Amino acid sequence: MPEIPKKQKAMVIEKTGGPVEFKDIDVQQPGPDEVLVNIKYSGVCHTDLHAVNGDWPLPTKLPLVGGHEGAGVVVARGELVKDVEIGDHAGVKWINGSCLACDFCQQSDEPLCSKALLSGYTVDGTFQQYCIAKAAHVARLHKDIPLDGVAPVLCAGITVYKGLKESGAKPGQTVAIVGAGGGLGSLAQQYAKAMGLRCIAIDAGEDKRKMCLEQLGSYAFVDFSTSQNVAKDVQAATEDGLGPHAVILVATAEKPFQQAAEYVRPRGTVVFIGLPAGAYVRAPVFESVVKMITIRASYVGNRKDTSEALDFYRRGLIKAPFKTVGLSELQSVYDMMHKGQIAGRYVLDTSK
Ligand code: 8ID
Ligand code: ZN
Ligand code: ZN
């Protein structure tokens, strides 16, 4: 049995708005249906920054340990847990647990469970060395999967994979990824490519343009900060000028949500995934009707989406850039994220 310390390092906020502080806190014991995961690496999702800022109409627990892209090793389990072994590699994702009995859980829509526990939001998350999750919901990771690279898949990857499926886009069709240079957006291009889709990336700046076109497989890039007319430029980037079959919105600003209905192709689908603070969408009724467009939303993924998204990663189909820094440097990651300066994802090494 691995030795489990009584105290550990964690990044904690005491109140909404922060600051986030590097602290020694107690290691918790898993309950009967839970496991304790020694987190080695955790991705930093923009959701974690929304949680610090109190952007959403859903309060967080306080004090709060954020984080929900945690990859590590199971070090303890409750007495009811039979199918996860000590030493297994596991991922702690946004859905930390759900009731498994309600209408939604029964039809494997666990994210819609009204009793769902949210890692790094309503329960402590992965910005600590030892994190608890319900055994039924931890992601099973094969031991040949690198724990640093897989961390961003545990939220960003699952979410964009699910969103692409929800879009109904078929192999050979075109999807626009809005917010392509960020964490979700960079993985979205890789999943889209692996699913046989063609991508138009939308974001800002030279670094992100280069990353999207040279590393992530998009065939076109529209820079929203310099474009005179984003809708026109996105449509012009499609072969017949009629626009992309689907639009995957993973930006953290409201404006691009307003624009998508304008440039999506007739019969096309707009998928909301990003969660900008206080955002609303007005879509033109006339154009929406005469183009027969679909506007829908997508929220993380269920356990099956999780294992499928992980399988793409394991097969080497998903290579999205990430940078690794120590757990204690979370605030500087938030500062860069706030300014939109991160191309790809940051992953925290919990040993530093
Ligand atoms: O289940 C869900 N629906 C889910 C799951 C995980 C995350 C939703 N999210 C939400 C997060 O809470 C956040 O609101 O998705 C959003 C994106 O998360 P992220 O990818 O972790 O954020 P990021 O790395 O900061 O990337 C955001 C990108 O949006 C770009 C920025 O430049 C950045 O690269 N962007 C902005 I701000 N305005 C844009 C615009 N007008 C834009 N890109 C294109 N057009
Ligand atoms: Zn997330
Ligand atoms: Zn439920």
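Things to note:
- Projecting the Cα atoms of P266, G205, T238 onto the dipole axis of the range 157-297, where Lys and Arg carry +1 and Asp and Glu carry -1 at the beta carbon, places P266 farthest toward the positive end.
- Here the range 157-297 has 52 percent of its accessible surface on carbon and sulfur atoms, given a 1.4 Å probe and all protein chains in place.
- For H68, the residues 5 or more places off, or on other chains, whose built amide H falls under 5 Å of its own are C45, T126.
- Within the same chain, aspartates and glutamates fewer than 8 places from K352 are excluded, and of the rest, those with a Cα less than 15 Å from its Cα are E21, D24, D148, E329.
- Neighbourhood net charge (15 Å Cβ-Cβ; Lys/Arg +1, Asp/Glu -1) for V271: +4
- Karplus 3J(HN,Hα) series, Hz, for the range 251-264 with 6.51 cos²θ - 1.76 cosθ + 1.60 (x for Gly, Pro): 7, 10, 10, 6, 3, x, 5, 6, 7, 4, 4, 5, 9, 5
- Taking only alpha carbon atoms, the chain gives an Rg to Rh ratio of 0.97, where Rh is the Kirkwood radius.
- Probe 1.4 Å, all protein chains present, accessible-area order of M211, M292, M336, largest first: M292, M336, M211
- Relative contact order %, the range 89-148, counting alpha carbon pairs below 8 Å whose residues are six or more apart: 44
- Taking GluC sites (Glu not before Pro) as exposed when DSSP calls them loop and at most 15 other C-beta atoms lie within 10 angstrom, the chain has its longest site-free stretch at 86-238.
- Basic side chains Lys and Arg get +1 at the Cβ, acidic Asp and Glu get -1 at the Cβ, and with that the dipole of the chain about its Cα centre reaches some 480 debye.
- For the range 157-297, size of Cβ-based charge dipole, Lys and Arg +1, Asp and Glu -1, in debye: 420
- Length-normalised contact order for the range 157-297 - Cα pairs under 8 Å, 6+ apart - percent: 22
- Net charge of neighbours whose Cβ lies under 11 Å from the Cβ of R209, counting Lys and Arg as +1 and Asp and Glu as -1: -3
- Whole-Hz couplings from phi, Karplus 6.51/-1.76/1.60, listed for the range 341-351; x for Gly and Pro: 8, 8, 9, x, 10, 9, 10, 9, 8, 6, 7
- Using C-alpha pairs under 8 Å with a sequence gap of at least 6, the mean separation divided by the residue count of the chain gives a relative contact order of 18 percent.
- Pairs spanning more than 25 Å between alpha-carbon atoms, out of K162/K339; K7/K40; K7/K162; K210/K339; K40/K134; K143/K323: K162/K339; K7/K162.
- Based on the Kirkwood approach, the hydrodynamic radius assigned to the range 157-297 is 14.5 Å, with every pair of different Cα atoms included.
- Accessible area per residue for the range 1-159 is 42 Å², calculated with a 1.4 Å probe on protein heavy atoms, without ligands, DNA or RNA.
- Helical mean residue ellipticity (222 nm; -39500 (n - 2.57) per DSSP H run of 4+; nearest 500) of the chain: -6500 deg cm²/dmol
- J(HN,Hα) series, the range 238-245, from Karplus relation 6.51 cos²θ - 1.76 cosθ + 1.60, nearest Hz, glycine and proline x: 8, 3, 9, x, 8, x, x, 5
- Proximal lysines relative to K165, as straight alpha-carbon distance under 23 Å, when same-chain residues fewer than 8 apart are discounted: K93, K193, K291, K304, K319
The values are calculated or read from the model by the stated rules, or taken from the named source; none is laboratory data. The model shown is predicted, which means the values in this text are computed figures rather than measured ones. FYI the Cβ positions are ideal-geometry reconstructions off the backbone, even for glycines, and counts take in every protein chain you see. Each accessible area value is taken on the protein alone, full model and side chains, heavy atoms only, with ligands, DNA and RNA left out. Shrake-Rupley method; radii C 1.70, N 1.55, O 1.52, S 1.80 Å.
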